[in-house]
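Working notes, structure below.
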Amino acid sequence: MPHFIADNKTCEISDEEYLVLRAKETSDKNPYQSKAWTLTARTLFPQNFDVQFEAYLVEKNNGNSKEAAKFFGELFQSFIAENGLWNEMYALTNALRSENPCADDIFLKNMFSYIPSIIQRDILTLTAERSEDTMEHCRLMLLLFKKFPQNTSQLIIRLVDTLMTAEKHSPGPSVINCYRKTLVCEVLPLLLQTSGELPPKQLYRFLHKSIEFYLAYLMSKSSMVENVLENEKNDISWELLFNLIKMFGNKLDWELCSIFIPPCTVRMNILDQTKAIRQLIYCLTVLFAYCLYQYNIALYPILENKHSVVLVEAFVVKEADEILPKRLKIDPTSQDSNLPTLTGSEGTGDIIKHFNFALKCWNMLNSTDVYQKGKYSNKFSPYLFNGNSWILDFITDVALYRGKFEEFQFNIQSKANNIRSNLQKLTYNFVTKNYHMLGECCIPIIRQIESLSLLGNQYPSLTEYNTTRHLHYLAIMKIPVLQYVVKLLIIMYWQLLPNFTSSEIDRIFGYVLILCQLSWPSEKRIVFDILTKIRNKRSFTCNLFFKYVVNVEILEEFMHMYANEQEIIKLDLIGTGQSHSQKRMFTRGVDKEEREDFRQLMKEQVCRQEPLYTLIIQFLLEEDRHISLK
Amino acid sequence: MSSDSTKQVLRKLEFPLCVKEALSRIEQLCVANIIQNVERIQTIKQTDLAMELITEFVFCEVDRRSMKKKKLNHIQEMQLLEVLSDYFAYNHNTTLGGDAARNTVFMSLFPHTYVERCQLLVKLVSIAVCTNNIPLLSATGVLMQQIGCTSKFSIELAKGLINDYFTLLPESSIKLHDLPSKAPLFTANFLTALAEIYFTAGTEDNPLIPSNSLLNIITEWVSENNSLCYAALTSNLLHSLPMGGIPMPAITPFVGLFKWCVLAPLYIDEDNVNYAKLHLSALESLLDSQIYCPSASQRNVVSAQQLTFLVTVCHEKIEKILKGVEIDVENLFPYVQLALERLAQFVQVALHTNSIYGSKQEFFNRLRNLPKIRLLRITMSRHKEII
């Protein structure tokens, strides 16, 4: 039986609507039929938007981007006032900007490519003009500039103005906002690439805005920044800033431009020679910020399995007088030989380079010449100094480096009780010779060592020769920190030796003997000093001896002392805390059995397996109440 | 050289060498006619000689005493085809007279009065398609146009090509696919002849219907070569014809193709999407009529007479279907509605592009009598000032 088409419902609709309906009806089942309808309809009602739009939709639904482009172009030229067309225009321009295009977007993108370029241009311009949202407007204009870079510089300047006005009216004083970001990261680079001459005043204004934004962004660690620019690909980097400054520099005929070709440090000396104060200040500010950033990254690496670093006062031996370093008057302009020597633990990387470089910029920025003429520098200082712990860390280290210990102490005193600031306090007391404070300072550090996850290695020598001072970037890992603490404890005991009573002295000798094992044989001389002192006073009691002394050379010395000098020296090396059944051991009048026991104990010590550092940490933790000398 | 001495020389030659030699003599005669301002009597004499040479030495239909000879055997026929193919493939343009000479020779070889030679022409054209013999295909195109694409000769040629050759080729054959771009005039005229054959030949209730593969290749031709249907209209034959020849009015394949699409739903039960596709391609092509024929006075794309005939055929068939069925025009059988809608779409686009030529009064009369489906009403009201 043949079917009848129920045509009743179509009676009331207009001819145009009828034709569109027929095209829609057939579009799924038979696209050719559907297209025949739209084709006929278009010839019947060339002025009717719905009819013409349906022709476009049929092609779109069939995925024919080429044909759809043809109709879209015609629609754009004839029906620009139609809302239906505008919805499609927005969809199209959204698709063009989309980074993760869906199937629809891909179709629209494809279709756009088939539209004649003059119409493409008009589509983008008109959509941009119509968008009420400034950001939307900007994105469309940027799209337009990217597709049609010719003769756009006037439009770009207009866009720059739009963005700056929008920023002025946007809430919040922060320079990190979407308008500024678009201006600095996208529009200005384009402007600099495409435009011809621009007035220097304007260029400086743009440059200023750019630096302001980048510094504020790059110099802040907080996640606040990420939130403000949400949904944006955050590809803001120093390289981009450098590139931008290079572009500005080229426009402004800057002689210092080349400094921003990485690695920046290589061409540092051109800064010394320049007379161009204005560009010097801009360049210095950016370079200083960059070094500060690098320095901070080195101090507090964000990577996992990476340790932070702290600058501490290390040790100097002068051939002439082999005593601890004398504080010297530091003059920043003096020759390198008078400056402290800087060393770094394994894994501290380029930190010394960054420090020196930052310091050089810092000195130049603060030099009277620049400072007086540089009415510009203070404009950026908020981004360098305000609420920024980076600069504090840097000037703290600079104070230590320059020997301004009061300033150093002032900067660290308010700091939290973490291992880093405890090490700084320790170093302060050491460098100011508050030896009796060292032990007290070491106690919290010893407790915190346990919580460090990374082990690290001993630094070959914390002592430098023939230099005024020696500063060391200490890796905050178990062994390096332990090495530094132990070294300071030894120094403390040694320095305070004359102050101990004869009843205390054996305990102190014991402590020093135990501690000297860690960096053996660098403390060999002290051990031999102690042995001499024991021989001189002819007695030595140390109940920790068999618990902590495992160094073969030390054991051999005592073995020798026991075997050959027992007539003269009274040795008591068994702890009083030992069980009652064990007899106290005296070197005088002992029987053979006891001698054998002593030998046996010595042998056992030699055979002990545990790592030295755990033994020392165990010692420090168990004796913490006594080692602080309080 | 007198006619007798020419024949004497040729008679001394073996077949198929005599064919080759005869062809060059015939060409000389034709060229002489074209370029020399000879007297009329002389011309007629030379034409007669050419005809005699063709009969005796090319097709070997008579002997020296003009007595009928027995037909060439298959091998001889093959040899003849080879010589003819080579002659058209390689000789043209190198001789004086160019296209005109070639076409004159070709038209002398295959005058429309000799339907017997048509079988041989079918084979010759088949070989030409196969071997990309473009000059021969062009000559065939010109010949078809001059004697009329819907003439008996052209129809026979087209039928022969379909039966002997096209049905044997795979649908996707690249040779067929490229034919419109290589030999547009031939393809267009061939298409016009083909379009005429189907849905006309056969009985009234059971007309000849094109095979699916033929339908596919034709749809492909039309949809991918927008200008194809206009080839006959846009080719200027003035300089390709024999001396004094007048280019005959061209017929486009449009009406024929639309006839297929309009009548198909009335004859074919299943919904054949191929006709929808062909219909759309033809509409799209027709929509471009102003591009290919910018001058309105020369836009002889759709003949009013042919169109009237199509409307009549369509109407008669529908009346036959609806006979005895009480039915409202808004509730027609879907296939009848489809047929009428296709017809209306064709008429609308043809009117819109101003492509109909000839006296339209009869056509409009017929149109008014058709069942008034909505699209037809819309179309007629749109063009009410002329209808």
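The values are calculated or read from the model by the stated rules, or taken from the named source; none is laboratory data. Just so you know, these numbers come straight off a predicted model, no measurement behind them. Neighbour counts run over all protein chains shown; Cβ positions are idealised from the backbone, glycine included. With ligands, DNA and RNA removed, areas are computed over all heavy atoms of the protein, side chains included. Shrake-Rupley method; radii C 1.70, N 1.55, O 1.52, S 1.80 Å.
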Exception for A:SER503 within (1) modelled with pLDDT under 90; (2) assigned to a helix (DSSP H, G or I); (3) touching a helix residue (DSSP H, G or I) at 6+ places or on another chain (Cβ under 9 Å) falls at (3)
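Looking at B:GLU220, B:GLU196, B:GLU204, B:GLU171, can you tell me which residue is over 17 Å from the mean Cα position of the chain (by Cα) and at pLDDT 90 or above?
Only one candidate passes the filter, namely B:GLU220.
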Among (1) farther than 21 Å from A:PHE242 by Cβ; (2) part of a helix (DSSP H, G or I); (3) open to solvent by 20 Å² or more (accessible area, probe 1.4 Å); (4) touching a helix residue (DSSP H, G or I) at 6+ places or on another chain (Cβ under 7 Å) - the single one A:PRO149 does not satisfy: (2)
If you check every pair at least six apart or on different chains, which have Cβ atoms under 8 Å apart with a residue in the stretch B:233-248 that is of a type outside the set (D, E, K, R) first and a residue that is loosely packed, with under 11 Cβ neighbours inside 10 Å and in a helix (DSSP H, G or I) second? B:PRO247/B:LEU238
Of the residues in the stretch B:281-293, those that are at the interface with chain A (Cβ under 9 Å from one of its Cβ atoms) and open to solvent by 10 Å² or more (accessible area, probe 1.4 Å) number 2
Sort out which residues of the stretch A:605-630 are at pLDDT 85 or above and among the charged types (D, E, K, R), and write them in order of number. A:GLU622
Among (1) more than 9 Å from chain A (Cβ to nearest Cβ); (2) surrounded by fewer than 20 Cβ atoms within 10 Å (Cβ to Cβ); (3) closer than 30 Å to B:SER211 by Cβ, B:TYR335 falls short only on (1)
Subset of the stretch A:444-464, residues at pLDDT 85 or above and either open to solvent by less than 20 Å² (accessible area, probe 1.4 Å) or touching a strand residue (DSSP E or B) at 6+ places or on another chain (Cβ under 8 Å) (or both), comes to A:ILE445, A:ILE446, A:ILE449
Among the residues of the stretch A:195-209, is any modelled with pLDDT of 85 or more and among the hydroxyl-bearing types (Ser, Thr, Tyr)? yes
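Which residues, counting only those in the stretch A:526-556, are outside any loop (DSSP other than H, G, I, E, B) and among the polar types (S, T, N, Q)?
A:THR532, A:ASN536, A:SER539, A:THR541
Okay, residues lined up against (1) open to solvent by less than 50 Å² (accessible area, probe 1.4 Å); (2) of a type in the set (Lys, Arg); (3) touching a residue at least 60 places away in the same chain (Cβ under 8 Å):
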{"residue": "B:SER181", "(1), (2), (3)": "no, no, no"}
{"residue": "B:THR187", "(1), (2), (3)": "yes, no, no"}
{"residue": "B:LEU194", "(1), (2), (3)": "yes, no, yes"}
{"residue": "B:TYR198", "(1), (2), (3)": "yes, no, yes"}
{"residue": "B:ASP205", "(1), (2), (3)": "no, no, no"}
{"residue": "B:PRO210", "(1), (2), (3)": "yes, no, no"}
{"residue": "B:LEU214", "(1), (2), (3)": "yes, no, no"}
{"residue": "B:ILE217", "(1), (2), (3)": "yes, no, no"}
{"residue": "B:GLU220", "(1), (2), (3)": "no, no, no"}
Matching residues in the stretch B:297-332 - criterion: being open to solvent by less than 20 Å² (accessible area, probe 1.4 Å) and at the interface with another protein chain (Cβ under 9 Å from one of its Cβ atoms): B:LEU332
Identity of the residue in the stretch B:366-387, part of a helix (DSSP H, G or I) and within 26 Å of B:GLN298 (Cβ to Cβ), that ends up farthest from the other protein chains (Cβ to nearest Cβ): B:ARG366
Just one of the numbered conditions (1) at pLDDT below 75; (2) open to solvent by less than 20 Å² (accessible area, probe 1.4 Å); (3) in a loop (DSSP other than H, G, I, E, B) is not true of A:GLU232; which one? (2)
All but one of (1) in contact with a His (Cβ under 8 Å, 6 or more places away or on another chain); (2) part of a loop (DSSP other than H, G, I, E, B); (3) among the aliphatic types (A, V, I, L, M) hold for A:ALA416; which doesn't? (1)
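B:LEU263: within 14 Å of chain A (Cβ to nearest Cβ), surrounded by 22 or more Cβ atoms within 10 Å (Cβ to Cβ) and farther than 14 Å from B:VAL349 by Cα, yes or no?
No; evaluated as a whole, the condition is false for this residue.
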Considering only the stretch A:11-104, give the helices (runs of 4 or more DSSP H) lying wholly within it that have at least 3 residues that are charged (D, E, K, R). A:15-27, A:49-61, A:65-78
Enumeration of residues in the stretch A:161-214 that are assigned to a loop (DSSP other than H, G, I, E, B), open to solvent by 30 Å² or more (accessible area, probe 1.4 Å) and under 12 Å from A:LYS251 (Cβ atoms): A:GLY196, A:GLU197, A:PRO199
Determine the pairs where a residue that is within 10 Å of another protein chain (Cβ to nearest Cβ), located within the stretch A:10-38, has a partner that is crowded, with 19+ Cβ neighbours inside 10 Å and not in a helix (DSSP H, G or I) with Cβ atoms under 9 Å apart, the partner being 6 or more residues away or on another chain. A:ASP15/A:PHE45; A:GLU16/A:PHE45; A:GLU16/A:ASN48; A:LEU19/A:PHE45; A:LEU19/A:ASN48
